[in-house]
Every structure is written in C-alpha cells, then in structure tokens.
1. Please go through segment 327-345 and pick out each residue that is farther than 24 Å from GLY43 by Cβ and either near the ligand (Cβ under 7 Å from one of its atoms) or assigned to a strand (DSSP E or B) (or both).
2. Mind checking whether some residue in segment 428-443 is more than 26 Å from ALA390 (Cβ to Cβ) and assigned to a strand (DSSP E or B)?
3. PHE616 passes all but one of (1) of a type outside the set (A, V, I, L, M); (2) farther than 21 Å from VAL499 by Cα; (3) touching a Lys or Arg at 6+ places or on another chain (Cβ under 6 Å); which number fails?
4. List every residue pair whose Cβ atoms lie under 7 Å apart, where the two residues are 6 or more positions apart in sequence or sit on different chains, the first residue falls within segment 485-510 and is more than 18 Å from GLY645 (Cβ to Cβ) and assigned to a loop (DSSP other than H, G, I, E, B), and the second residue, located anywhere, is small (Gly, Ala, Ser) and at pLDDT 95 or above.
5. Kindly provide the set of residues from segment 594-613 that are in contact with a strand residue (DSSP E or B) (Cβ under 8 Å, 6 or more places away or on another chain) and within 11 Å of ALA500 (Cβ to Cβ), ordered by number.
6. Name every residue in segment 777-800 that is assigned to a strand (DSSP E or B) and under 14 Å from THR742 (Cβ atoms), in order of residue number.
7. Being touching a residue at least 24 places away in the same chain (Cβ under 8 Å) and within 20 Å of the chain's Cα centre (by Cα) narrows it down to one residue among ALA789, ALA774, ALA769; which is it?
8. (1) under 30 Å from VAL151 (Cβ atoms); (2) without any contact (Cβ under 8 Å) to a residue 24 or more places away in the chain: which one isn't true of ASP120, the others all being true?
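The values are calculated or read from the model by the stated rules, or taken from the named source; none is laboratory data. Worth saying up front: this structure is predicted, and the values here are computed from it rather than measured. Here the Cβ positions follow ideal geometry from the backbone for every residue, glycine too, while neighbour counts run over all protein chains shown.
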Amino acid sequence: MQTHAQVVIIGAGIVGCSAAYHLARKGWRDVVVLDQGPLFETGGSSSHAPGLVFQTNASKTMCQLSQRTVRLYSELALDDQPCFYPVGSMEVAYMPERWEDLKRKRGFATSWGLEAELIDPAEARRKLSLLDDSKIHGAYFVPSDGIARAVRAGEALANAARAQGVAFFGHTRVTAIDVSNGRVQAVVTPQGRIAADLVLICAGIWGPRVGSLAGVKIPLTPVQHQYAKTAPLPELAGETREVVHPIVRHQDKAMYFRQHANCYGVGSYQHEPLLVEPDAIRRHDESPIMPSLMEFTPEHFANAWACAVELLPALRDAELTYKINGMFSFTPDSLPLLGESHVGGLWVAEAVWVTHGGGVGEVIAEWIVEGAPSLDLRECDINRFEPHAASPAYVRARGAQQYREVYDIIHPLQQMEQPRPLRVSPFYTRQKELGAVFFEGRGWERPQWFTTNDDRRGTIYRAPTIYRAPAVVVRRSGWAARFWSPIIGAEHLATREQVALYDMTPLTRLEVSGRGALAFLQRLTTNQLDKPIGSVVYSCMLDERGGIRSDITVARLDERRFQVACNGPQDLVWMRRHLPDDGSVELRETTAGTCCVGVWGPRARDLVQPLSDDDFSNAAFPYFTARQVFVGEAPALALRVSYVGELGWEIYTTADYGLRLWDTLWEAGKPLGAIAGGRGAFDALRLEKGYRLWGSDMHTEYNPYEAGLGFTVKLDKGEFIGREALARVKERGVARKLCCMTLDDPAAVVLGKEPILDGKRTLGYVTSANYGYAVGQSIAYGYLPLEYAAAGTKIEIEYFGARYGATVAMEPLYDPKGARLRS
Ligand SMILES: Cc1cc2nc3c(=O)[nH]c(=O)nc-3n(C[C@H](O)[C@H](O)[C@H](O)COP(=O)(O)OP(=O)(O)OC[C@H]3O[C@@H](n4cnc5c(N)ncnc54)[C@H](O)[C@@H]3O)c2cc1C
C-alpha cells in the first residue's frame, strides 16, 4: 500500500465510490479508498439496501441531488447488468390528507424540474395490478424513479475510478487519523500509514466513530430499519426480470414496496425507533451476516405486514424468507452532513441515502476541486449546527424523531417538541408573561406571536391608513392557517403605526478585532467596509463562484473592532477558515453572552430618547450608523438599522443587563401603545419592504446581481472572494432576476416553494411568500427569466394543484423611497 495520497477516502460504500469516481473525473487521481470490509459488498448499509429511489423532496437540494444520481446510475453497467431500473414510482394516498399533500408534492416536483403526475386509483391499478385500488384516493407517479443496485453501482463507479488511477483497498480498517496544527496529516491502518493532503469520511453509520479519531463530532445516529422479502408469489410465476413493477410508497402506514423478480420486498418505518450506539456496531468477525445487520425483530413487523396485505392482497399467503433489521444513519434534521469539518482538510459525506449517493459524490468533488459546489448545499453543511446538536442526547432524541416522521406530512412551520427549551434569551420570562407562542430556531425559543396582542386583532379588519388602502381581510383556512394566527397581522400593523419590541437575540453575532481586522473583512465581503468608526454596512459574502454564501451587517465599533451580524455557525467556520495565520485578527462569537431588542416603528424615537442622555435625533444618529449609548442604566450598542422597514434601533447589551433593558423599554413603551412583536410579523414586514432572506431568497446558486443586491458589490474596492466570478457576471449580464409578485386575488395565500408558471412553462419557484398587512396584498418573491421581470407581467403560481394569477410588481411595495427608515 502506498504511503502518501492526495486524498484518502474512508469507506467504499456507494458514497465513497461515487466521490472517488467524481474526483478522478475532475483529474484528481492520486486517490486511495480504504474499507474495513471486503470490496464491494463491504458490510455497510449499501450492501443490503433494496435501492428504491424516490426523487421528490421538499428540499430543492435533495431533489436535485437525486436527479443527478439517477442520471449517473442510468449510465452505469457492471458485467452488462444495469445499475438502475427506471420503473417509475407511485406514492399512494390512503388518507384524504395524503391526497392533498400529494398535490403539494407535485408542486415541489414542478418547482425542481422533475416530471410527475397525479393519477386516479384505476390508473394506479393499471400500473400495478397487485394493488387494491379501492383502498386509495389516488397516487403520485414519477416515471423516472426506480431501483438502484447500490453494490453494483458502487463497483461500476470504482472500476471507472480505478481506470483513472484510483486505488481501492478492502479489509483495511482506519484505526487513527493524525491531526496537527488544526489540519489532517494522515490515516493509520494496520497495514500502514498513509500521509494525505485531504481525508474524506464516507463511513456511513460508522461516521461518529471515524470522526472521533480526528476530534470531529459527526451528529448522526445509526437506526435499525426493517426490510423483508417474500417467497415467490403465484401472481408473479415465471417472472425472471429483476424489476418491472413501479416501486410503491404507502406513507400513511410508513411503508414501501418493490418487486424482486417473482418475489416482493416490504420495508417498514412503522415501529418505534431502534437506535444503536455507534460504538456498539459489531465488527465483521462478530457479525453473523454483516456488521450493519441486526437480528430481525418480528414483534416490530406484525402490524406492518397486515397493512402490506391490505394494500397488496397478493401478499396474503406469502411467506417471508428474508428478514432484516438493517442500519442506516439519521441526523437531527434528517439531512446529510457534507463539507469540510473544523479540522482543515478533513471532509465528510455522511448520512447519505443511495438515492442521493451519485449526486453527493459529484458535489463533494466539485467542492473539493473547484472550491465551491454548483448546488446550494447550505442545508447539508456539516457546520450548520449549533454546539448542542453535537451532544449525544440531542442526536439521539432528534434522530429518533426524524425516523418516526420520515413519511409524515410535515408542515413547513411544524415545530419540534423535544428537546425544548434549549436556549432562551434574557427576555424569555417576560415573553411568557405576554403569552408568547414560541417557535424554535437553532435551539432558540423565539416568539412567533403573542396571545396578549389578541385584543388588537380587530385592527387587521379595518383599512390601514399608512400606505395603501384598503387592506383585505385575511382569513386563512386549511394548510395555510396552521401555525398561523391573525394576531400576526395585528402585530404587523402595530409596528407600522406605533412601535414594537422584537427580540433579536438569536441573531448570530461575531466580534472581529485586531490590526488585520479590516483587511480580513474586506477580503471576505463585497461591500466597502473602510468607513468611519460608527458606520454600519450591509454586505454579501460570496463563494468562489460568486454565489451568495451569506449576507451580513458589519458595524465598525473602533478602528480595529467590528461587530458582524450573520446567519449562523457555518459563517463562523467559514470566517475562521480564512483567518490570517499571523495572529493579526481575533474572531469570537458573542451571541450567547449578549442580547438584542429591536425597537421599530414610527414612535421608536419617542420611546428611546427619554430613556437616554445620548442624542437619538436624525441628525446626530442617522440611518446605518452605530453608537455606544446608555438606555436607562444599561450600557448598550445601538445600531440604527431595521429589517422591518421602520424608524428604529437594534439595541444590544450584555446578557446580565438584558432583563433590565427589556423592562425599561417596555415601561416606556406603554403610554405609546408599544407591543411585543413576533417572528410572524417580522417576516411579513420584511417581505413587504423587499428585504431578502438568506437561505430562501438568496444562496450560493444566486449572485448579488440576480438577487437585487448589486448595490452591495464594490468591484473596485480591491480583491475579495468571488470578485473575479462576479466581474464576469457583470460583463455578460444576468438572465434572471429576483422579482416581487402580488397575487391577483389578495385573499389568496401561498407559503413558498410553489412553482411559478407561464402556461405549461415553469419559470421558477416562490422563494418567499407572506401577506403584506399594510399594503393589503399577498406577496410572493421568486427568480424569473429577465423577459418576465418587468412590472405588470402576468404569471401563475400553483398551490395544491390550483393555479393563482399573479402580477410582477415594482418593489419594494412598502415605502419604496425608504423615507420612513430615514425619518
Ligand atoms: C434496510 C435498509 C433499507 C434501505 N433502503 C434504501 C432505499 O431503498 N433507498 C435508499 O436510497 N437508501 C436506502 N437505505 C439507506 C442506504 O442504504 C444508506 O443510506 C447508504 O447505503 C449509505 O451509504 P454509505 O456509502 O454512506 O455507507 P455504507 O454503505 O455503510 O458504507 C460505509 C463504509 O465505510 C466503511 N468503514 C467504516 N468505518 C471504517 C474504518 N474505520 N475504516 C475503513 N472503512 C470503514 C464500512 O465498512 C462501509 O463499507 C436503506 C438502509 C437500510 C438499512
């Protein structure tokens, strides 16, 4: 075995093989793949996965990863045997709610460019004669879904990679990973040590164990999952082809089915989650069959079998001849773990299904070789979690819940119930007194609305006087009414008309200081930050392709000290990775030790000024500036910025003064009619004002010019990450643009991710949607081809299968000149 490689991949399951193949295709051939088991039936999850590939997903990223996977597997063969069988898939609706949800699902497919249709029970039966069509309301059919042979595909990919020079070694267990100076150096095996520039962990359920060799927490838990195969069925007598029937999901009973020649396979998630400690996974020599298989537990399968027979009566008398409890990985949010960890050069591609394995290999290779992936991988970033998510207790609790909910109908705002509360701001007790309805975000308890504002609910039923009349009474029903309250509208209008306090504590804050601080930030951002002390600048951080990695607000507190408000832990890791190694910059997160109240509304100055000897006048404290002040006794940093589009300040103080600050502001606000506002109103306010939300309206697949953030780009300020790519974009121009649309029926509501159409042509999808309570319009944002971007253009938005007319509007809808912000 060699002693050095550019890349060592740990794991030769489908993910490791796919990553090796794609690295080799990109010209990285000095790659070694090691597996503790035999090649290519290694004993991992890929070795026993039945290989059903359902591409549809509420996540655009996940759907596109599976589309890439299907394209890849379809091109592969091993010994003239295909690696993918495009037999199509059917998701049947047993319950009426599922039928409604399948309409929503078809919307996702249209948005993400996947062909799909809804079919009636008779058509479902025509496609699969074993099905009892009297039991279903219809089905969702995707013709390009099918069966992947994971081991075959892995070996085919490995053969192609070998032909390019990649080496594969079975029976080679990695027992240590050498790390020094924060960088990976080598992997150690009983057969020898391999020094490596880069190590990629594709170890599936062993991920936490392998990660711990390098001090990297990989937050996943192995979970047992049941799969069984029948003896030959009389109905399939003589059938020798591997699979010709469409695969089936019976999600209302948490089950799925596939044909295996003249037999049938049945998978079940019906049972309580059976978690396995990563350290308890058996070794090859201790395992009766293979390490990722546990003994079948019939008591967990009995009910599932009854459900299977109900849907597919042909199974009634069948004997089960193959029964397993296989293991695979569940993460706290059910999404994969991809990217470079906090240890330099130590990469991870974990918790990936066969369904996504081909695409994941491709994007991870792009990321490694080209510096940035072509798909937005923010939802899968290994660095997306807050510290609590690495705790075994959290990983277990959330992993189990993800297993339970794997086929459930999940509302986009549905809240996790446990473990909570995890993180609370200093204002939490006051918020509870005010009847806050808390939603959770990154562990924080965040008020969505306050029930004590219910008495203001009447305000949304009268015409607002602010900007445009009349407001339409919004009475939501069904799906759109869930996790929503008309109180949100009342809080929205109170912010526009009077003043409201918003808890901004969960906003991730960093302090960047030192003699190199300015140069460091200039290199990471698009806007000019070399401004006088007290300036506040809104800017983008880009990746190497010029895509928006994040948007940040930078306050210059001192010559060499800046406060950066950003979008989460992945920003911190990204910035850390770019720190100069001469010690000239110090970077620390200040979120947990500090807190923030946003005081916004036309009466914000009337509220704050009497509490302070500092001058909050427009002349002394203009828009987009920051000052160190006292509010009452609390020492505070005040930033004159507003994400809701009104006069006001973000007021920061340390956590110990937090409660005092809140109480001081609250008491002073009472005579002015101040309220506490929740995230529900906050989001509606920002959309009305046209402020982009990172992750929805912008991410790495969009550049600032497309996102309407060209004003943050100063190409002439000097070098910064993404500048070259952006200069090229600027030269050739953009082909699409983020647009504001209003629904023609102002009482109609969409929630986001719905397809935007012109007749049969899909133009894009809704990136953000909400109701503008002050402008009296239902608002949707989305990227449209330039020829559709002019105000007045008519388009349609599909919501649960129905088409709604909408019109492109000039933006922002509210206070387009920004007069209220600067008042
Ligand atoms: C019963 C069951 C049914 C499933 N059905 C489907 C399905 O229908 N569709 C679908 O998309 N997915 C399905 N899955 C999930 C899917 O099987 C897995 O998510 C996928 O195979 C994981 O691939 P992987 O390459 O990451 O992991 P694995 O295939 O487990 O590969 C990881 C490899 O790392 C190696 N390794 C670990 N530690 C070390 C070490 N220290 N040194 C060297 N090598 C090491 C292991 O030996 C192993 O070969 C199913 C899973 C189960 C259990």
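1. Hits for segment 327-345 are GLY339, GLU340, GLY344.
2. Residues of segment 428-443 more than 26 Å from ALA390 (Cβ to Cβ): 429-437.
Those still in the list that are assigned to a strand (DSSP E or B) too: 436-437.
Scanning segment 428-443 turns up at least one residue that is more than 26 Å from ALA390 (Cβ to Cβ) and assigned to a strand (DSSP E or B).
3. The one condition PHE616 does not meet is (2).
4. Taking only residues 6 or more apart or on different chains, the pairs are THR505/SER425; PRO506/GLY441.
5. Once the filter is applied, which keeps residues that are in contact with a strand residue (DSSP E or B) (Cβ under 8 Å, 6 or more places away or on another chain) and within 11 Å of ALA500 (Cβ to Cβ), segment 594-613 yields VAL597, GLY598, VAL599, TRP600, GLY601, ALA604, LEU607.
6. If we filter segment 777-800 for residues that are assigned to a strand (DSSP E or B), which is where we start, we get 777-785, 794-799.
Once the filter is applied, which keeps residues that are assigned to a strand (DSSP E or B) and under 14 Å from THR742 (Cβ atoms), segment 777-800 yields GLN777, SER778, ILE779, ALA780, TYR781, GLY782, LEU784, LYS794, ILE795, GLU796, ILE797.
7. Details: ALA789 fails: within 20 Å of the chain's Cα centre (by Cα); ALA774 fails: within 20 Å of the chain's Cα centre (by Cα).
Exactly one of ALA789, ALA774, ALA769 is touching a residue at least 24 places away in the same chain (Cβ under 8 Å) and within 20 Å of the chain's Cα centre (by Cα), namely ALA769.
8. The one condition ASP120 does not meet is (1).
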